[in-house]
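Heads up, the thing below is written out as structure tokens.
The values are calculated or read from the model by the stated rules, or taken from the named source; none is laboratory data. Note that the coordinates shown come from a computational prediction; the quantities given were computed from them, not determined experimentally. Positions of Cβ are backbone-derived with ideal geometry, glycine not excepted, and every protein chain shown enters the neighbour counts.
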């Protein structure tokens with residue numbers, strides 16, 4: 001896929017990896033819509049890259065549909081979707097003192113990280129399927145953002161379970177959406193230096209992680225995520241794949257970096 005003049009929708013696009021991907025795609029000539037819950041933030045960030053900012057709470061089905069309809073009306077039918085929005089709270093189901101986590105937390109993290117991804121993927125595919133297929137039959141691509149936390153089993157079961165569902169969605173959606181010429185790829189980042197990561201960790205835990213990243217001994221950068229996302233868009237033979245972007249990090253269970261901090265992007 002040549003991303004020039006393609007319409008790209010990025011949830012969680014106001015910060016971190018989502019914004020970095022939007023910035024790079026815009027620089028390659030894509031028409032970019034950044035979606036997020038904070039209107040002032042996404043409007044400001046979208047203006048910086050020549051895109052549009054659209055308010056969207058992915059946990060709300062109607063909000064997803066309204067946002068996609070707005071993008072289609074203003075920019076055209078999207079052919080790139082990056083599901084980057086996430087509830088990043090890593091809370092234990094039961095505290096060391098035996099206190100259970102609230103049911104609201106469980107419902108909210110599943111609503112954002114699982115249902116939100118499915119709402120967006122459904123709305124994106126529905127609209128794109130109605131367009132005329134190009135000569136090669138490939139209409140577009142979905143990039144879902146997971147986390148190495150699911151595979152590595154870090155502390156914070158609700159978060160891990162939600163990202164495990166994202167992992168499971170990759171191949172099945174690639175097969176389902178193949179009828180419409182839509183590829184689906186999963187990126188599982190780990191240790192990327194974003195606003196969300198910094199809110200959920202401390203310098204102590206960051207210093208502990210660096211030596212665990214072979215050769216590099218540093219955190220990843222949002223622009224490295226963006227370059228991978230761009231390559232996935234451009235390389236049509238990447239489909240149904242699960243790609244870890246972690247520098248070789250394997251997170252020890254005792255090295256949880258969530259800290260119970262409530263950070264949502």
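Quick notes on this structure:
- Segments classed as helices (runs of 4 or more DSSP H), wholly inside the stretch 169-265, with at least 2 members that are modelled with pLDDT of 85 or more and touching a strand residue (DSSP E or B) at 6+ places or on another chain (Cβ under 6 Å): 222-234
- Residue ID - nearest to residue 105 (Cα to Cα), chosen from residues in the stretch 153-164 that are surrounded by 19 or more Cβ atoms within 10 Å (Cβ to Cβ) and over 16 Å from the mean Cα position of the chain (by Cα): 158
- Some residue of the stretch 116-129 being in a loop (DSSP other than H, G, I, E, B), in contact (Cβ under 8 Å) with a residue 24 or more places away in the chain, within 30 Å of residue 78 (Cα to Cα) and more than 17 Å from the chain's Cα centre (by Cα): no
- Extreme residue, nearest to the chain's Cα centre (by Cα), among residues of the stretch 168-182 that are under 11 Å from residue 139 (Cβ atoms) and surrounded by fewer than 17 Cβ atoms within 10 Å (Cβ to Cβ): 178
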